[in-house]
Amino acid sequence: MTFVTTLTLTSGDRHTLEDVVEDIKATAERKGAELKGPHPAPPTDYRVPQSKRLDDGETFEPWDYTVYKRTMRIVGHDEVARRTAHREFPDQVHVEVEIEQVTGVGR
């Protein structure tokens with residue numbers, strides 16, 4: 001049985017996100033782990049209205065921001081996957097970890 005660990009990293013700070021992705025790639029290469037990705041998703045733009053006060057309809061200019069997303073998969077190599085999932089990430093980067101157990105054909 002092989003475990004596939006999927007990391008989904010999102011951030012509004014593209015440079016910090018890219019630094020984290022590059023660090024994960026370098027670690028996987030150094031340890032000899034099979035890494036698929038990073039797979040970038042199109043950036044998502046958000047526009048958030050901002051009220052000046054709670055009791056009237058006046059508003060400030062909407063707050064615009066962009067969220068960037070990268071998906072990476074570590075196939076097998078449980079130790080690299082475990083260390084990557086438990087490492088400290090910058091506050092600007094949100095990380096979701098999904099672990100899937102894959103069995104070979106005929107099992």
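The mean accessible area for residues of the chain, using a 1.4 Å probe and ignoring ligands and nucleic acids, is 72 Å² per residue. Taken over the chain, lysine pairs spaced eight or more positions apart, or on distinct chains, with alpha carbons under 30 Å apart number 4.
Add +1 for every Lys or Arg and -1 for every Asp or Glu among the other residues with Cβ under 13 Å from the Cβ of Glu61, and state the total. Net local charge, Glu61 excluded: 0.
Distance from the alpha carbon centroid of the stretch 3-26 to that of the stretch 46-107 works out to 10 angstrom.
Once neighbouring chains are kept in place and the probe is 1.4 Å, which whole percent of the accessible area of the chain is contributed by carbon and sulfur? Write out the running numbers ahead of the final one.
Numbers: 3650 of 7700 Å².
The value for the chain is 47 percent carbon and sulfur by accessible area.
Counting alpha carbon pairs within less than 8 Å and at least 6 residues apart, what relative contact order, in whole percent, applies to the chain? Walk me through the intermediate numbers first.
Details: 184 pairs, mean separation 50.9, N = 107.
Relative contact order comes out at 48 percent.
Counting only C-alpha contacts under 8 Å and six or more residues apart, can you give the relative contact order of the stretch 41-104 as a whole percent? Please list the in-between numbers first.
Numbers: 48 pairs, mean separation 16.6, N = 64.
Relative CO of the stretch 41-104 lands at 26 percent.
The stretch between Trp63 and Asp13 holds 16.5 nm of extra length on full extension. This uses 0.36 nm per residue minus the Cα-Cα distance. When the residues Leu54, Leu17 are ordered by accessible surface, computed with a 1.4 Å probe over the protein chains alone, the sequence from largest down reads Leu54, Leu17.
Other residues with beta-carbon under 10 Å from the beta-carbon of Met72 carry, at +1 per Lys or Arg and -1 per Asp or Glu, a net charge of +4. Modelled spin-label separation between Glu96 and Tyr46, with each label point placed 7 Å from Cα along the Cα-to-Cβ direction: 1.4 nm. Putting +1 on Lys and Arg Cβ atoms and -1 on Asp and Glu Cβ atoms, find which of Pro40, His94, Thr66 reaches farthest to the positive end of the dipole of the chain. With unit charges placed on the Cβ atoms, the residue in question is Pro40.
Computed from Cα positions, the angle between helix 14-31 and the longest principal axis of the chain comes to roughly 10 degrees.
Note: the chain, Cα convex hull, 142 Å³ per residue. Each Lys and Arg adds +1 at its Cβ and each Asp and Glu adds -1 at its Cβ; summed about the Cα centre, the stretch 1-93 shows a dipole of about 520 debye.
The values are calculated or read from the model by the stated rules, or taken from the named source; none is laboratory data. Please read all numbers here as calculations on a predicted model, not as lab measurements. Here Cβ is always computed from backbone atoms with ideal geometry, including for glycine, and neighbour counts include all displayed protein chains. These accessible areas exclude ligands, DNA and RNA; they are computed on the full protein's heavy atoms, side chains included. Shrake-Rupley method; radii C 1.70, N 1.55, O 1.52, S 1.80 Å.
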